[in-house]
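Asker: Have a look at this one before I ask anything.
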Amino acid sequence: MSGRALWQAVNLDQKLTAPERATLAALAFYCRGEDDFCSPGKDTLKKKTGLTTHYLGQAIGMLEREGLISIEKRKSVDEPWRNASNVYTLLFLEDWGKHIKTADNADIFGI
């Protein structure tokens, strides 16, 4: 989990609906460390957000249209006729390296 990504997703100033903010927070939750991307499956996102397939799709579409995320659609390597989990890149993340260090240079979001 990336504490930095999750914190920025929850505290984003942009006006978002509850499903959009929940989806953005779930995507941020699945980013690792300093990564700005993740690839949770739709079932995983549905469980994390509590949204139905319909509302999850709407929220993801709106986040992409608003320029907060980009989506790379993938196919399964072993079974090319099947889709694999999409890769979601969080475009709203800022480099906060100098802003979140303590006096002893510890990263407070290094979860």
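None of the figures in this text is laboratory data; all of them are computed from the coordinates on show. Here the structure is a predicted model, which means the values were calculated and not measured. Heads up, the Cβs are rebuilt from the backbone with ideal geometry, glycines too, and the neighbour counts pull from every protein chain shown.
Asker: Please give, to one decimal in nm, the separation of the simple spin-label points placed at Gln14 and Thr53, each 7 Å out from Cα toward the Cβ.
Answerer: With each label point 7 Å from Cα toward Cβ, the separation is 2.7 nm.
Asker: What does the net charge come to around Ser76 if you take all other residues with beta carbon closer than 15 Å to its beta carbon, with K and R at +1 and D and E at -1? Spell out each step's value before the answer.
Answerer: On the way: positive: Lys42, Lys73, Arg74, Lys75, Arg82; negative: Glu72, Asp78, Glu79.
Charge balance near Ser76 sits at +2.
Asker: What whole-number volume per residue, in cubic angstrom, does the convex hull of the C-alpha atoms of the stretch 3-90 give?
Answerer: Values: hull volume 8.4 nm³, N = 88.
So the per-residue Cα hull volume is 95 Å³.
Asker: Which value, in debye to the nearest 20, describes the size of the charge dipole of the stretch 3-90 about its Cα centre when Lys and Arg Cβ atoms bear +1, Asp and Glu Cβ atoms bear -1, and nothing else is charged? Spell out each step's value before the answer.
Answerer: Numbers: 13 positive and 11 negative charges, 55 e Å.
Computed about the Cα centre, the dipole is about 260 debye.
Asker: Beta carbons within 10 angstrom, averaged per residue: use that to sort the peptides 43-52, 65-74, highest first.
Answerer: Details: 43-52: 16.1, 65-74: 13.6.
Top to bottom by mean Cβ count within 10 Å: 43-52, 65-74.
Asker: Right, something else. Modelling each spin label as a point 7 Å along the Cα-to-Cβ direction, I'd like the Arg74/Asp43 distance in nm, to one decimal.
Answerer: 1.7 nm
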